[in-house]
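Here's the structure, in structure tokens; my notes come after.
Quick note: the coordinates plus some simple rules give every number you see, no bench work behind them. Please read all numbers here as calculations on a predicted model, not as lab measurements. Cβ: placed from backbone, ideal geometry, glycine included. Neighbour counts: every protein chain shown.
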Amino acid sequence: MKTIWKFPLRGHETTQEIPKGAKLLTMQLQRGTPTLWFEIEQDAITIQRTFKCLATGEEFDLPGAEYIGTFQGDEGWLAWHVYEVPSTRRAL
């Protein structure tokens with residue numbers, strides 16, 4: 001059975017246990033917290049997935065990282081860009 005789960009992002013790097021094959025639907029702020037929503041199969045095994053938040057202008061080297069989206073904080077004075085680091089995926 002499919003359902004939708006949300007996963008808040010905390011700090012500059014967040015690792016979450018997310019069901020394998022989960023489909024990212026959107027990334028938005030919920031009550032000021034950047035949050036990812038996934039469509040998942042409830043009976044799927046979980047894997048660890050890591051997401052990094054980078055500030056505009058911040059230098060980085062994340063080979064193979066996939067851009068997820070951008071959100072604004074501090075009343076629009078800051079913009080953060082979220083990437084998933086695929087090399088961190090592993091089954092639990």
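Descriptive notes on the structure:
- Screening THR33, THR70, THR46, THR3 for residues that are among the β-branched types (Val, Ile, Thr) and within 13 Å of TYR83 (Cα to Cα) leaves exactly one candidate, THR70.
- Considering residues of the stretch 24-44 that are closer than 16 Å to MET1 by Cβ and not small (Gly, Ala, Ser) only, the residue surrounded by the fewest Cβ atoms within 10 Å (Cβ to Cβ): ASP43
Yes or no, residue by residue, for (1) touching a residue at least 40 places away in the same chain (Cβ under 8 Å); (2) exposed (fewer than 14 other Cβ atoms within 10 Å of the Cβ):
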{"position": "ALA22", "(1), (2)": "no, no"}
{"position": "THR46", "(1), (2)": "yes, no"}
{"position": "GLY57", "(1), (2)": "no, yes"}
{"position": "PHE60", "(1), (2)": "no, yes"}
{"position": "GLU66", "(1), (2)": "no, yes"}
{"position": "LEU78", "(1), (2)": "no, yes"}
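- Those strands (runs of 3 or more DSSP E) lying entirely in the stretch 10-53 with at least 3 residues under 14 Å from TYR67 (Cα atoms): 23-30
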